[in-house]
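Single-structure report; data block below.
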Amino acid sequence: MDKTESDLDLPQVRTQNLDLYYGADRVLRSLNFDIPRGCVAAFIGPSGCGKSSYLRCLNRMNDFISGARVEGRVLIDGEDIYASGVDVIALRRRVGMVFQKPNPFPMSIYENVAYGPRLFGVKDRETLDETVRSSLEGAALWNEVKDKLNTPGTGLSGGQQQRLCIARAIATEPEVLLMDEPTSALDPLSTSRIEELIRDLKSRFTVAIVTHNMQQAARISDYTAFFLLGELVEYGTTSQIFTVPVDKRTEDYITGRFG
Amino acid sequence: MGLRMGKSETTSHHFGGWGDKAAARTAFSVSTICILIMGFILYFLVKESLPVLKATTLSELLFGMDWYPQETPPALGMFPLIASSLAVTFLSSAIGLPVSIVIAVFTAEIAPRRLRSLVKPLLELLGFLPSIVFGFLGMVVVAPWLQARFNLLTGLNMANASALLGMMMVPIVGSLADEALCAVPRELRDASYALGATRWETIRRVVLPSALPGVLSASLLGVMRATGETMVMLMAAGGAAVIPQSLFDPVRPLTSTIAAEMGETPVGSEHYHALFFAGLILLLITLAINLLSAKIEAKGLKTKGGNL
């Protein structure tokens, strides 16, 4: 897809009047905000506030939940991903996802990373080799696994597994990378490696990350959104949210008065 | 007083206390008895089958082409029986396993929850059908149809028995494979969908390979059932001790041979010992299938990297 300059100026992910229902439950309420290109946007808020549900709206993973229904619009690169006729498969190639628990496939490290490209019909061994190498490098895992690419991905440590999952997600060269609490199952050392990685990744991808850890949001993100009971309470640059929050509820949350 | 009672109560439940010891001893003796019984079965099988080697040679037994055990002297060549057993096992697996796996994929992955809760118990119910019902079905339904449809001398043949055995595998293999597929974690499917895979791609590339060990052991149970099945063979396989040349030739597997002839032969005769030897061969065949599948499973795990 050719991109004009004005396209590039547009925010990459625009959320307009977004409502999400699970059956009769209104899980998200009229969300409105933009995520600029090449930034890390962090979503914080207490459990059940809707931040993960919102993340799953961006690659339409909520489609699998029976009774889930979306109103409003989500524009990625100016295209409404909920318009009729949108190819969900193509959307998920553009919007990658990393999950809370490392979930490598029970295959070799190589096959894990090559999974996405193979789905799109890449068969040429050299192209695949190159994609696997660059993706593992991109996920800061190459040096640790380059001599054992044919060993099981499930044999790696938790932190390595999560980086493998990141490599797998970026192997399809998405534009947006969704991360759903990617470090909540990891030890502090692995966490800091992943955080470092996320800061590197934003030069190539727009990153949307859900986190329970407010220090993490403060450390790695450019923008922060605070969710409460399905509403977006406040959204702004991370430094503003953490130093001079406008809303009293945001202040209470980040200073640890609740949640 | 109260304190002392409390104390004695805790010691009686204590780790390594009498309760623990009793449980350990019970478990030990029950499992020892089971192993001993298995050992005795094996012992008698070997003991009763070995005397046949006085009457004939091992290679004549295994590779001889003539099975006329009632003649004098008896011809005890079991090759046609062994070939029949293997052929029926292979053919019924070729029919039954793919059907079972397709059904398992349907119930586990594709069917809506309500349909699944209807189909699954039905499938399991089918598994409770006694094999004589299948045999009866083969005699009165399948055989006449085959005979008329393909203009055969008899409808009681290898194709008939294999089709029935294949059907008998489906409930067991299907419902066990269904459980293996359902046990594949939700997270793996999510990861696949999030990478832009369709449902079919996810089933084929992630779910089935992840469930492979479970699906394999389910299939193995089915294959062993086919090898050991007696009643259907007796009723529907035709019973001719020749090497089958076509799908529609009657066959006489080891199992039905034993069942049909054991009652007719004098205890201690060469024929009697030969039938025990047939049982020993059956045991070895199932053992071989078991070892083979364990090897395939281990190899599959190594290359696929699964440790589920």
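The values are calculated or read from the model by the stated rules, or taken from the named source; none is laboratory data. As the structure is a computational prediction, the values presented were derived from the model and not from experiment. Virtual Cβ from ideal backbone geometry, glycine too; neighbours counted across all protein chains shown. Please note that ligands, DNA and RNA were not included when accessible areas were found on the heavy atoms of the full protein model with its side chains. Shrake-Rupley method; radii C 1.70, N 1.55, O 1.52, S 1.80 Å.
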Those residues of the stretch A:158-167 which are open to solvent by less than 10 Å² (accessible area, probe 1.4 Å) and either within 11 Å of chain B (Cβ to nearest Cβ) or out of contact with any strand residue (DSSP E or B) (no Cβ under 9 Å at 6 or more places or on another chain) (or both) amount to A:Gly159, A:Leu164, A:Cys165, A:Ala167
By residue number, the members of the stretch B:196-212 that are open to solvent by 10 Å² or more (accessible area, probe 1.4 Å) and free of Cβ contacts under 8 Å to residues at least 12 places away in the same chain are B:Thr198, B:Trp200, B:Glu201, B:Arg204
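Would you confirm, using the coordinates I've provided, whether A:Arg168 is in contact (Cβ under 8 Å) with a residue 40 or more places away in the chain and basic (Lys, Arg)?
On the way: in contact (Cβ under 8 Å) with a residue 40 or more places away in the chain: yes; basic (Lys, Arg): yes.
In short, yes.
Mind telling me which of the residues B:Phe136, B:Phe106, B:Phe90 ends up being closer than 14 Å to B:Arg225 by Cα and assigned to a helix (DSSP H, G or I)? Give the derivation first.
Values: B:Phe136 fails: closer than 14 Å to B:Arg225 by Cα; B:Phe106 fails: closer than 14 Å to B:Arg225 by Cα.
When all the criteria are applied, what remains is B:Phe90.
Each row is one residue, and each column tells you yes or no for (1) surrounded by 12 or more Cβ atoms within 10 Å (Cβ to Cβ); (2) farther than 27 Å from B:Arg186 by Cβ; (3) not assigned by TED's automatic domain parsing to the domain that holds B:Gly166.
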position	(1), (2), (3)
B:Thr89	yes, yes, no
B:Ile95	yes, yes, no
B:Val105	yes, no, no
B:Arg116	yes, no, no
B:Pro121	no, no, no
B:Phe128	no, yes, no
B:Phe134	yes, yes, no
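Looking at the stretch A:174-198, which of the residues that are charged (D, E, K, R) and surrounded by 16 or more Cβ atoms within 10 Å (Cβ to Cβ) is nearest to the other protein chains (Cβ to nearest Cβ)? Working first, answer last.
Step one: of the stretch A:174-198, the residues charged (D, E, K, R) are A:175, A:180-181, A:187, A:193, A:195-196.
Imposing the further condition that a residue be surrounded by 16 or more Cβ atoms within 10 Å (Cβ to Cβ) reduces the set to A:175, A:180-181, A:193, A:195.
Values: A:Glu175: 13, A:Asp180: 10, A:Glu181: 13, A:Arg193: 21, A:Glu195: 21 Å.
Filtering first and then ranking leaves A:Asp180.
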Of those in the stretch A:12-51 that are surrounded by 20 or more Cβ atoms within 10 Å (Cβ to Cβ) and of a type in the set (S, T, N, Q), the residue modelled with the highest pLDDT is A:Thr15
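Among helices (runs of 4 or more DSSP H) lying entirely in the stretch A:44-157, which contain 2 or more residues that are under 22 Å from the mean Cα position of the chain (by Cα) and within 14 Å of another protein chain (Cβ to nearest Cβ)?
On the way: elements: A:51-58, A:88-94, A:109-119, A:125-138, A:142-145.
Passing ranges, in order: A:51-58, A:88-94, A:109-119, A:125-138.
Condition check ((1) basic (Lys, Arg); (2) touching a Lys or Arg at 6+ places or on another chain (Cβ under 9 Å); (3) more than 23 Å from B:Gly127 (Cα to Cα)) across all residues:
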residue	(1), (2), (3)
B:Ala83	no, no, yes
B:Ala94	no, no, no
B:Ala104	no, no, no
B:Arg113	yes, no, no
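Within the stretch B:190-209, which residues are within 9 Å of another protein chain (Cβ to nearest Cβ) and closer than 25 Å to A:Leu91 by Cβ? Give the steps one after another, and end with the answer.
At the first step, the residues of the stretch B:190-209 found to be within 9 Å of another protein chain (Cβ to nearest Cβ) are B:190-198, B:201, B:205-206, B:209.
Of everything in the stretch B:190-209, those that are within 9 Å of another protein chain (Cβ to nearest Cβ) and closer than 25 Å to A:Leu91 by Cβ turn out to be B:Asp190, B:Ala191, B:Ser192, B:Tyr193, B:Ala194, B:Leu195, B:Gly196, B:Ala197, B:Thr198, B:Glu201, B:Arg205, B:Val206.
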